[in-house]
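Quick note: the coordinates plus some simple rules give every number you see, no bench work behind them. What you see is a predicted model; the values in this text were computed from it and never measured. We place every Cβ from the backbone using ideal geometry, glycine too, and count neighbours over all the protein chains shown.
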Amino acid sequence: DYEARLAEFEARIARGEKIEPGDWMPEEYRRQLVRMISQHAHSEVVGMLPEGAWITRAPSLKRKMILIAKVQDEAGHGQYLYHAAETLGVTREEMLEALLSGKAKYSSIFNYPTLTWADIGTIGWLVDGAAIKNQTMLAQCSYGPYSRAMVRICAEETFHHKQGKEMVITYAQGTPKQRAMAQDAINRWWWPALMMLGPHDSDSPNTPTLVKWGIKTKTNDQVRQEFINEHAPEILEAGLTLPDPDLRYDSATGNWVHGPIDWDEFWAVVNGNGPMNKERLEARRKAHAEGAWVREALAVYAARKQQTAVA
Ligand code: BYC
């Protein structure tokens, strides 16, 4: 019966076993995973847009090659994650329909514009930096396919993070114009990077369920604190400043304490009213429409192959 199955399911998680496709799971566990993994997949795919816009404007061949490789990795991450979600019984078409119709969420961070080349380095340092903290936590997740996807994705994102950090530090030590460009990018991306890790625990309705079933192994505020503790001192060390007058190191706790986050801005972005929400969805819809002939050709080819096999 349900109670006994639930008890066994929870005991497996408590023993540190992974739940695999086809194993019994509560409907709410499945629903939460489909929600999170599909949002995560959409974030990777939409996340290609802000950086992709700069591929043709990279300042050197080396930087261009790095950026092309990074954006291609993001497409790959989207693919693994859609596959991981498919193991839970949802189809690719359903997930894409939810994204393109505006029903599905994707990370708030990708609704901000990339105004200068320094934004590309800053995305690597701050956005991939925040993503790695979140995903290292999710690599411990109780659902096998999601946790394994995170291991590979984190390895690739570590490279994304390093190239971004190297780029921003280079500009921070460069000409006055380069320094100003790097500082402006940090000023614009710092708060959205903190918001990206989700609302405070007190305003996070999903956290209790996710933590109970080992989907999340840390809360939003814990991950945010880890992110700040690593990045704040490094950015200051690079000779840059952070746009938070309240930011200070608390020696009693060993934490960097931040000032209030503008949650009105966060919810406006999550609810579709950020600076780039409309453009981002429009770009995805256009790409989907322009890819229609590929999907049709694949379907015709598959049908023809099946006919040949029958004959
Ligand atoms: N943006 O109860 P909460 C990358 C929503 S891409 C939008 O705390 P949860 C990269 C949340 O969905 C990596 N919505 O939620 C790619 C919920 O609404 P619903 C992206 C957000 O799930 C290219 C409501 O707010 N990473 O690295 O417990 C280039 C209440 O929140 C956001 C992932 O996707 C947000 N930021 O915790 C460079 C990680 N935050 O769904 C880099 C996977 C919250 O109930 N996701 N909401 O209607 C997660 O780990 C968790 O879902 C979150 C939120 C920590 C984000």
(Q) Test of understanding: among Ile123, Ile66, which residue is within 15 Å of the chain's Cα centre (by Cα) and assigned to a helix (DSSP H, G or I)? (A) Ile123
Q. With respect to Ala4, is the statement that it is over 30 Å from Thr122 (Cα atoms) and surrounded by fewer than 18 Cβ atoms within 10 Å (Cβ to Cβ) true?
A. yes
Q: Return a yes/no flag: does the range 193-200 have any residue that is under 20 Å from the mean Cα position of the chain (by Cα), farther than 27 Å from Gly259 by Cα and touching a residue at least 60 places away in the same chain (Cβ under 8 Å).
A: no
Q | Filtered residue count, the range 219-240, keeping only those that are loosely packed, with under 14 Cβ neighbours inside 10 Å and assigned to a loop (DSSP other than H, G, I, E, B) | A | 1
Q: Exactly one condition in (1) in a helix (DSSP H, G or I); (2) out of contact with any Pro (no Cβ under 6 Å at 6 or more places or on another chain); (3) within 24 Å of Arg224 (Cα to Cα) is not met by Ile109; state its number.
A: (2)
(Q) If Phe110 satisfies all but one of (1) surrounded by fewer than 22 Cβ atoms within 10 Å (Cβ to Cβ); (2) aromatic (Phe, Trp, Tyr); (3) within 13 Å of the ligand (Cβ to nearest atom), what's the number of the condition it fails? (A) (1)
Q) From the set of residues in the range 42-73 that are surrounded by fewer than 20 Cβ atoms within 10 Å (Cβ to Cβ) and among the hydroxyl-bearing types (Ser, Thr, Tyr), which is farthest from Gly121 (Cα to Cα)? A) Thr56
**Q.** Enumeration of residues in the range 191-217 that are outside any loop (DSSP other than H, G, I, E, B) and out of contact with any Asp or Glu (no Cβ under 7 Å at 6 or more places or on another chain)
**A.** Pro192, Ala193, Leu194, Met195, Met196, Ser202, Asp203, Pro208, Leu210, Val211, Lys212
Q: Go through the range 42-78 residue by residue and tally those that are of a type in the set (Ser, Thr, Tyr) and in contact (Cβ under 8 Å) with a residue 12 or more places away in the chain.
A: 1
Q) Which is small (Gly, Ala, Ser) and either away from the ligand (no atom under 15 Å from the Cβ) or touching a Cys at 6+ places or on another chain (Cβ under 8 Å) (or both), of Ala268, Ala252, Ala283? A) Ala252
Q: Answer yes or no: is there a residue in the range 19-41 that is acidic (Asp, Glu), without any contact (Cβ under 8 Å) to a residue 60 or more places away in the chain, out of contact with any strand residue (DSSP E or B) (no Cβ under 7 Å at 6 or more places or on another chain) and not in a helix (DSSP H, G or I).
A: yes
